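J.: Take this structure first; my questions come after.
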Amino acid sequence: MKFPMVGLLALSLVGCAGLGESLSTGFGLWGGNEKTDKPAPLAEIKPAVAVKTQWQASAGAAGDYVFTPAIAAGSVFAAGYGGSLARFEGDSGKLQWRVETGKKLSGGVGVGEGLVMVATRKGEVLAYDLDGKSLWQAQVSSEVLSAPQASDGVVVVRAADGQIFGLDAHDGKRKWVYQRALPTLAIRSHAGVVVSRGGVFAGYAGGKLVAISLSNGILGWEANVAQPRGATELERIADITSLPVVDGNHVCAVAYQGRVACFDILSGNPVWARDMSSLTGLALDKSNIYVSDARGAVHALDKNSGASIWKQDKLLFRRVSTPVVAGSHIAVADLEGYVHVLSREDGSFAGRAATDGSAVGAEPQMLGQNILVQTRNGGLFSLAIQ
């Protein structure tokens, strides 16, 4: 199904996963047997660059959730499970304001349309202005595990039951809802949606990637990133647990026990695909796609064909995060809070920095020229590559 022509003009279309209780046994969602496969020890490296902490701050512990900091208006907005929402200066980390929402939070932070947004395990969406003033509260169908997104007057919220809601950015009133059935067994994921130029893009359990209209929630197309295979329920898990990425005329995604694949952004027609399993997702630059696979290896693939460029396999079973492109380097973080800087040219280690010793669950982000990470203990770290 394609968008009507009027939609095409406005619609150039476009998690480290939390594990559900039913999947938190010895089954190796990170690519191995959790009882026997230990994280690879950190290899000695000869640093080509220095990775130094420019500033650090506290956002509040994540609990059983994953909180992603948002970068906007020269500031960093961050939240924690206990209900704290804060704004920090991007250059210095100085606290600008902090509010206590009075709620146990489960998703955030999203910034857009002049709003700062978080959500709760009871399905409440809380919107504040950029100065921390409460504006409105809305209710969706279930727990929210990801950051709400806002664009063109619409706040998009993904609930844990798979429904995606379009709310009015002015007052939080519901404008539309997109629904689809979920399989009986799925990986609990904090991946939300990508909103770009009038489109909403989301990956689902079962390997489906969907594109829906931001204005009305109507499905534009659906594509298969992966097809469930295997004899048992566990073997047949092929879920997209990370955000898709948008690149000009293409949108790309990767599934656990599935494939990494790119599609035409308007029609959903496949461009290329190759087998790969990932829980945490991918990033891209002008030439390559970078993927952290389920075992902890980091891959560089040719963006036009999916052909392998290089592979860094010295971080196995370290629960490696989504990569982020940092100038001439790639950065990933791990279960012990280390941030690893790799060469974009060949994947070799260029540098490393420690944070607070707790896992980095949220995908690292770029704060100007620095790498920004938020740990499960609530630490915010701005790291400079020198």
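The values are calculated or read from the model by the stated rules, or taken from the named source; none is laboratory data. Values in this document were obtained by computation on a predicted structure and should not be read as measured data. Heads up, the Cβs are rebuilt from the backbone with ideal geometry, glycines too, and the neighbour counts pull from every protein chain shown. Surface areas here come from the heavy atoms of the whole protein model, side chains and all, with no ligands, DNA or RNA. Shrake-Rupley method; radii C 1.70, N 1.55, O 1.52, S 1.80 Å.
J.: Under 9 Å between Cβ atoms, at least 6 apart or on separate chains: pull out the pairs that start in segment 84-102 with a residue that is polar (S, T, N, Q) and end on any residue that is open to solvent by less than 40 Å² (accessible area, probe 1.4 Å) and in a loop (DSSP other than H, G, I, E, B).
T.: Close Cβ pairs satisfying both conditions: Ser84/Ala59; Ser84/Gly60; Ser84/Thr101; Ser84/Gly378; Gln96/Gly132; Thr101/Gly83.
J.: Scan segment 284-317 residue by residue and report those that are assigned to a strand (DSSP E or B) and farther than 21 Å from Gln257 by Cβ.
T.: Leu284, Asn288, Ala300, Asp302, Ile309, Trp310, Gln312
J.: Continuing with this model, one more query. Can you report the number of residues in segment 95-137 which are within 23 Å of the chain's Cα centre (by Cα) and either at pLDDT below 95 or among the small types (Gly, Ala, Ser) (or both)?
T.: Counting residues in segment 95-137 that are within 23 Å of the chain's Cα centre (by Cα) and either at pLDDT below 95 or among the small types (Gly, Ala, Ser) (or both) gives 9.
J.: Could you run through segment 181-199 and say how many residues are crowded, with 23+ Cβ neighbours inside 10 Å and of a type in the set (Ser, Thr, Tyr)?
T.: So the answer is 1.
J.: Scan segment 232-243 and tell me whether some residue there is in a strand (DSSP E or B), at pLDDT 95 or above and either small (Gly, Ala, Ser) or open to solvent by less than 50 Å² (accessible area, probe 1.4 Å) (or both).
T.: Checking segment 232-243: not a single residue is in a strand (DSSP E or B), at pLDDT 95 or above and either small (Gly, Ala, Ser) or open to solvent by less than 50 Å² (accessible area, probe 1.4 Å) (or both).
J.: Can you spot a residue in segment 85-94 that is at pLDDT 95 or above, farther than 25 Å from Gln369 by Cβ and not in a loop (DSSP other than H, G, I, E, B)?
T.: Of the residues in segment 85-94, the ones at pLDDT 95 or above are 85-94.
Checking which are farther than 25 Å from Gln369 by Cβ leaves us with 85.
After this cut, where a residue has to be not in a loop (DSSP other than H, G, I, E, B) as well, the list is 85.
There is at least one residue in segment 85-94 that is at pLDDT 95 or above, farther than 25 Å from Gln369 by Cβ and not in a loop (DSSP other than H, G, I, E, B).
J.: Within segment 364-386, how many residues turn out to be crowded, with 21+ Cβ neighbours inside 10 Å and part of a loop (DSSP other than H, G, I, E, B)?
T.: Residues that pass the stated criteria total 4.
J.: So Tyr178 passes all but one of these: (1) of a type in the set (Phe, Trp, Tyr); (2) over 21 Å from the mean Cα position of the chain (by Cα); (3) open to solvent by 10 Å² or more (accessible area, probe 1.4 Å). Which condition number does it fail?
T.: Only one criterion is unmet by Tyr178, namely (2).
One line per residue, one yes/no per condition, for (1) open to solvent by 20 Å² or more (accessible area, probe 1.4 Å); (2) at positive phi; (3) in a loop (DSSP other than H, G, I, E, B):
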{"residue": "Val325", "(1), (2), (3)": "yes, no, no"}
{"residue": "Ile330", "(1), (2), (3)": "no, no, no"}
{"residue": "Gly337", "(1), (2), (3)": "no, yes, yes"}
{"residue": "Leu342", "(1), (2), (3)": "no, no, no"}
{"residue": "Asp346", "(1), (2), (3)": "yes, no, yes"}
{"residue": "Arg352", "(1), (2), (3)": "yes, no, no"}
{"residue": "Thr355", "(1), (2), (3)": "yes, no, yes"}
{"residue": "Ala359", "(1), (2), (3)": "yes, no, yes"}
{"residue": "Ala362", "(1), (2), (3)": "no, no, yes"}
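J.: Quick check on my filter: what residues within segment 60-76 are open to solvent by less than 30 Å² (accessible area, probe 1.4 Å), over 16 Å from the mean Cα position of the chain (by Cα) and not hydroxyl-bearing (Ser, Thr, Tyr)?
T.: Passing the criteria: Gly60, Ala72, Val76.
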